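Chemist: Starting off with a structure, shown below.
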Amino acid sequence: MTPDEALRRIAFLLEWRGASPYRVRAFHTAADAVRDLPPGPVEAAQVTQLHGVGPVTAEVIAQASTGAVPNYLARLQAEADPAAQAGWQLAAASTGDCHVHSDWSDGGSPIEDMAAAARSLGHQWAVLTDHSPRLTIAHGLSPDRLRGQLEAVASVNSRTGPDFRLLTGIECDILDDGSLDQDEDLLARLDLVVASVHSKLRSDPEPMTARLLAAVHNPRVDVLGHCTGRIITGRGRPQSRFDAEAVFAACAEAGTAVEINCRPERRDPPDELLAQAAAAGCLFAVDTDAHAPEQLLWQSTGYARAARIGLGSDRLITTWPLDRLLTSRSSVR
């Protein structure tokens, strides 16, 4: 067991137990810091010098660097109920990620690096979903830039083996009236569309509900992204208010998957809404919303949340083989 593996497993089990997002994020941050640590034993005092590594995570790293199961992890595993193992197996069954950004919008890494990182995790596919034009702060893609990106994705796939495919996509802004922030003909060319609200997040429930209903009923929309828009770390941001029963019923009817956003600062939807969406019969996409290669590893904590409320792989489109994903999305459209 490597230190980063031990830290990710701890993050998963903490998420499983319903620990605070701050604790979960601390272990992911430490795992990012030591991912490229050379093999071999290290002292805890050595790694505390690394950004994001504190006394507790340093001790985990030191113990795991010898090949041992760290005490912290051993204790969590001993205390975990049997269903936690099923949750970990669900995470291991992941085949892809529907929400990945590159430096074409507000990500920090080239398309090739994001694709290579997803492939290295054993994914069969990942969807490149840079932002649409209206989100200028995120350098959203104009129609011309999106056309250029389609060519860039084709070029990446031409140099990638048959075991992985980068899918074309977009994180499309849901406009005030529920329409989508991109040309219809371009949306039709994409493999998958994530639609998200990024503006007027504090609207009254009625207009926000109407906005979301229009989007999830749009046949071009495959995934409803971070549905409440909340931020739960730092200064935070309250979740949007809308008629969740109506929106999730519409998602189930339309076959639009509800995103389980794995970003530690989002953890969206909240637990009570996640359970409500599950009861409504929705499909789900466990997505990292990654803006850097190491953030693709956040996905396991989303699977912990899914497993904790009894969701199986049949309801999670990010565990589906590529052929099933594309066939299913095509039939819905």
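The values are calculated or read from the model by the stated rules, or taken from the named source; none is laboratory data. Just so it is clear, the model here is predicted, and its values are computed rather than measured. Heads up, the Cβs are rebuilt from the backbone with ideal geometry, glycines too, and the neighbour counts pull from every protein chain shown. Calculation scope for accessible area: heavy atoms of the full protein, side chains included, ligands and nucleic acids excluded. Shrake-Rupley method; radii C 1.70, N 1.55, O 1.52, S 1.80 Å.
Chemist: How many of the residues making up the range 192-217 are open to solvent by 40 Å² or more (accessible area, probe 1.4 Å) and either under 26 Å from Arg165 (Cα atoms) or in contact with a helix residue (DSSP H, G or I) (Cβ under 6 Å, 6 or more places away or on another chain) (or both)?
Modeler: 2
Chemist: Inspect all residues belonging to the range 16-32 and state whether any of them is among the basic types (Lys, Arg), open to solvent by less than 70 Å² (accessible area, probe 1.4 Å), on the phi < 0 side of the Ramachandran plot and assigned to a helix (DSSP H, G or I). Let's see the steps before the verdict.
Modeler: Initially, the range 16-32 is screened for residues among the basic types (Lys, Arg), giving 17, 23, 25.
Filter once more, keeping what is open to solvent by less than 70 Å² (accessible area, probe 1.4 Å): none.
No, the range 16-32 contains no residue that is among the basic types (Lys, Arg), open to solvent by less than 70 Å² (accessible area, probe 1.4 Å), on the phi < 0 side of the Ramachandran plot and assigned to a helix (DSSP H, G or I).
Chemist: Mind checking which residues of the range 178-234 are closer than 22 Å to Leu273 by Cα and basic (Lys, Arg)?
Modeler: Passing the criteria: Lys200, Arg202, Arg211, Arg230.
Chemist: Take Val53 and tell me if it is β-branched (Val, Ile, Thr) and open to solvent by 20 Å² or more (accessible area, probe 1.4 Å). Walk me through how you get there before you give the answer.
Modeler: On the way: β-branched (Val, Ile, Thr): yes; open to solvent by 20 Å² or more (accessible area, probe 1.4 Å): no.
Criteria not met by Val53.
Chemist: Follow-up question, since we're still on this one. Would you pick out the residues in the range 64-96 that are in contact with a strand residue (DSSP E or B) (Cβ under 8 Å, 6 or more places away or on another chain) and not in a loop (DSSP other than H, G, I, E, B)? Give the steps one after another, and end with the answer.
Modeler: First, pick out the residues of the range 64-96 that are in contact with a strand residue (DSSP E or B) (Cβ under 8 Å, 6 or more places away or on another chain): 90, 94-96.
Answer for the range 64-96, where residues must be in contact with a strand residue (DSSP E or B) (Cβ under 8 Å, 6 or more places away or on another chain) and not in a loop (DSSP other than H, G, I, E, B): just Leu90.
Chemist: Write out, first by first residue and then by second, each pair whose Cβ atoms fall under 6 Å of each other, whose residues are 6+ apart or on separate chains, and whose first residue, in the range 216-232, is outside any loop (DSSP other than H, G, I, E, B) while the second is open to solvent by 10 Å² or more (accessible area, probe 1.4 Å) and not basic (Lys, Arg).
Modeler: Here the result reads Val216/Ala254; His217/Ala254; Ile231/Glu265, each pair linking the range 216-232 to a residue that is open to solvent by 10 Å² or more (accessible area, probe 1.4 Å) and not basic (Lys, Arg).
Chemist: When you scan the range 70-121, how many residues do you find that are under 30 Å from Val153 (Cα atoms) and either open to solvent by 50 Å² or more (accessible area, probe 1.4 Å) or free of Cβ contacts under 8 Å to residues at least 12 places away in the same chain (or both)?
Modeler: We begin by selecting, within the range 70-121, every residue under 30 Å from Val153 (Cα atoms); these are 90-121.
Then drop every residue that is not either open to solvent by 50 Å² or more (accessible area, probe 1.4 Å) or free of Cβ contacts under 8 Å to residues at least 12 places away in the same chain (or both), which leaves 92, 103-104, 106, 108, 110, 112-113, 116, 119-121.
Number of matching residues: 12.
Chemist: Would you say Pro269 is open to solvent by less than 30 Å² (accessible area, probe 1.4 Å) and farther than 23 Å from Asp191 by Cβ? Give the derivation first.
Modeler: Details: open to solvent by less than 30 Å² (accessible area, probe 1.4 Å): yes; farther than 23 Å from Asp191 by Cβ: yes.
Yes, satisfied.
Chemist: In this structure, is Glu59 without any contact (Cβ under 8 Å) to a residue 60 or more places away in the chain and closer than 17 Å to Ser300 by Cα?
Modeler: No: the conditions fail for Glu59.
Chemist: Are any of the residues in the range 251-264 assigned to a helix (DSSP H, G or I) and either charged (D, E, K, R) or open to solvent by less than 10 Å² (accessible area, probe 1.4 Å) (or both)?
Modeler: So the first thing to find is which residues in the range 251-264 are assigned to a helix (DSSP H, G or I), and the list is 251-254.
Keeping just the survivors that are either charged (D, E, K, R) or open to solvent by less than 10 Å² (accessible area, probe 1.4 Å) (or both) gives 251, 253.
Checked the range 251-264: at least one residue is assigned to a helix (DSSP H, G or I) and either charged (D, E, K, R) or open to solvent by less than 10 Å² (accessible area, probe 1.4 Å) (or both).
Chemist: Identify the residue in the range 275-300 that is touching a Lys or Arg at 6+ places or on another chain (Cβ under 8 Å) and modelled with pLDDT under 95 and, among all such residues, is farthest from Cys227 (Cα to Cα).
Modeler: Glu294
Chemist: Just to be sure I understand, how many residues within the range 97-123 are closer than 22 Å to Leu224 by Cα and either in a loop (DSSP other than H, G, I, E, B) or of a type outside the set (A, V, I, L, M) (or both)?
Modeler: 10
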